[in-house]
Amino acid sequence: MENTTIKKQTIFSGIQPSGQLCIGNYLGALLNWTKLQDDYNCLYCIVDMHAITVRQNPAELRRRSLDTLALYLAVGLEPEKNIMFIQSHVPAHAELAWVLGCYSMFGELSRMTQFKEKSVSNADNINAGLFTYPVLMAADILLYQADLVPVGQDQKQHIEITRDIATRFNSVYGDTFKTPEPFIPKEGAKIMSLTEPTKKMSKSDLSGGSIFLLDDRDTIIRKVKRAVTDSGSEVRYAEGKDGINNLLTIYSCFTGKTIAESEKEFGGVGYGDFKLAVGEATADALARIQSDFKQYLSDKEQLNGILKESSERAAYLARKTLSKVYRKVGFYSL
Ligand code: AQP
């Protein structure tokens, strides 16, 4: 019989524990991850080293790192199928980032949209880590020779620079890194703020524009009711209707319906009733995640066990790439 065994491809992605996770993180990243766990070798990281590029409260950062793992589990990521670990537990990330920093150009890092945006929102703390964020992200991905990186649209530029850094390194030293591809969901790739629908929803926005995965039902419905829409009255996906487009996207993602089906369902329905339906669909979906989250969080020993085993597996894989890189650049080894 013909051998049809095909080696599974590797996937790497991560989320910063820089705030409560929002439905942007869920629909743009986590939901997509759960669909990949059977067919790929998946590594899902909690990127605490990235998080400190913006000032964090230490106690909260520590707590949120564990909350994030409990959320990974609550959305359906299984520890047997995925390596789920905390970035700072695997020192190879920082080590490779230093080397790659020497193959990353000031000009290309200056062009990163996230750096420009975060320089505005953190004008009092435009630190070097914020600037070299994409280099650390490149290290995260390249360490595991990832084939695919499932991210929201906002991270596409960072995958492109990762590819450029890998190609540059490979052209000097020969084949060392696999050049990864971004893997962006068709729907939910960019969930927008409810209060400013031209801006992406973000976990660090506390002004009411973001729905957090742990928000209670009333809060979710109240936030959606207050969502900015337009002066029209038709629930239709169209140019210039950013608020309605965003709500339609959220509704379709949570109900599994297409945008066209959702438009049809709300034909002739006013914005008020539509918003209520979006709020309820969101709250229903999140209620299931929240109850599982509480259960996982109550067993700290289990969470620590997963982190320990996963970081050992990740460190083993990372070390292989790092040793190769150190040899190629000429570091003396004992
Ligand atoms: N609004 C969004 N729509 C779709 N996907 C999104 N992602 C984030 N926001 C949206 C995706 O979530 C993953 C993790 O993001 P991150 O933690 O690396 O940081 P981020 O992109 O900077 O997310 P936030 O929520 O905006 O964090 P803060 O507020 O701390 O800066 C990524 O795959 C991202 O694409």
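Here are some notes:
- Residues His158, His89 ordered from highest to lowest accessible area at a 1.4 Å probe: His89, His158.
- Measuring between alpha carbons in the structure, the pairs from Lys118/Lys275; Lys200/Lys275; Lys156/Lys241; Lys200/Lys294 lying more than 26 angstrom apart are Lys118/Lys275; Lys200/Lys294.
- Taking every DSSP helix (H) stretch of at least 4 residues in the chain, weighting each as -39,500 (n - 2.57) and dividing the sum by the residue count yields a mean residue ellipticity at 222 nm of -15500 deg cm²/dmol.
- With Cα atoms defining each centre, the stretch 124-155 and the stretch 36-80 are spaced 15 Å apart in the structure.
- Partner lysines for Lys328 [C-alpha distance under 22 Å; skip if fewer than 8 residues away on the same chain]: Lys178, Lys320
- Heavy atoms of Ser121 accessible to a 1.4 Å probe, total area in Å² rounded to 10: 90 Å²
- Distance between the C-alpha centres of the stretch 278-321 and the stretch 4-35: 12 Å, rounded to the whole angstrom.
- P(r) tail fraction, the chain - alpha-carbon pairs more than 36 Å apart, %: 23 percent
- Surface calculation, 1.4 Å probe, protein heavy atoms: Ile52 sits at approximately 100 Å² accessible.
- Inter-site label distance for Arg168 and Ala123 at 7 Å from Cα along Cβ, in nm: 3.1 nm
- Taken about its Cα centre, the stretch 145-304 carries a charge dipole of about 220 debye when Lys and Arg each add +1 at the Cβ and Asp and Glu each add -1 at the Cβ.
- Antiparallel %, DSSP beta bridges [both residues in the chain], to 5: 10 percent
- Using θ = phi - 60° in the Karplus curve 6.51 cos²θ - 1.76 cosθ + 1.60, the 3J(HN,Hα) couplings for the stretch 25-32 round to 5, 6, 6, x, 10, 3, 4, 5 Hz; x is entered for Gly and Pro.
- Note, ³J(HN,Hα) from phi for the stretch 247-255, Karplus 6.51, -1.76, 1.60, rounded to Hz, x at Gly and Pro: 5, 5, 4, 4, 4, 5, 4, 6, 9
- Taking the three principal axes of the alpha carbon atoms in the stretch 217-295, the coordinate ranges are 43, 24, 19 Å, sorted in descending order.
- One decimal place: the segment Val269-Arg111 gains 52.5 nm when fully extended, by the rule 0.36 nm per residue minus the C-alpha distance.
- Between Glu60 and Lys294, the C-beta separation translates, for a Förster distance of 25 Å, into a calculated FRET efficiency of about 0.85.
- Per residue, the solvent-accessible area of the stretch 73-230 (1.4 Å probe, heavy atoms of protein chains only, all protein chains present) comes to 45 Å².
- Surface composition of the chain: carbon plus sulfur atoms contribute 51% of the solvent-accessible area (1.4 Å probe, protein chains only, all chains present).
- Applied to the stretch 159-172, the Karplus parametrisation 6.51 cos²θ - 1.76 cosθ + 1.60 on θ = phi - 60° returns per-residue 3J(HN,Hα) values of 6, 5, 5, 4, 5, 5, 5, 4, 5, 5, 5, 4, 6, 7 Hz, with x for Gly and Pro.
- Exposure ranking of Trp33, Trp98 by accessible area [1.4 Å probe, largest first]: Trp98, Trp33
- Kirkwood hydrodynamic radius of the stretch 146-227, from inverse mean 1/r over distinct Cα pairs, in Å: 15.1 Å
- Stretched out straight at 0.36 nm per residue, the stretch from Gln302 to Glu78 would grow longer than its current Cα-Cα span by 79.4 nm.
- Thr162 accessible area, assembled protein chains, probe 1.4 Å, Å²: 0 Å²
- Residues Glu234 and Glu309, FRET efficiency given R0 of 51 Å [Cβ-Cβ distance, rounded to 0.05]: 0.45
The values are calculated or read from the model by the stated rules, or taken from the named source; none is laboratory data. Quick caveat, the model's predicted, so the values are computed rather than measured. Counting neighbours? That spans all protein chains shown, and the Cβs are built from the backbone with ideal geometry, glycine included. When the accessible area is computed, the model is the full protein with side chains, heavy atoms only, and any ligands, DNA or RNA have been set aside. Shrake-Rupley method; radii C 1.70, N 1.55, O 1.52, S 1.80 Å.
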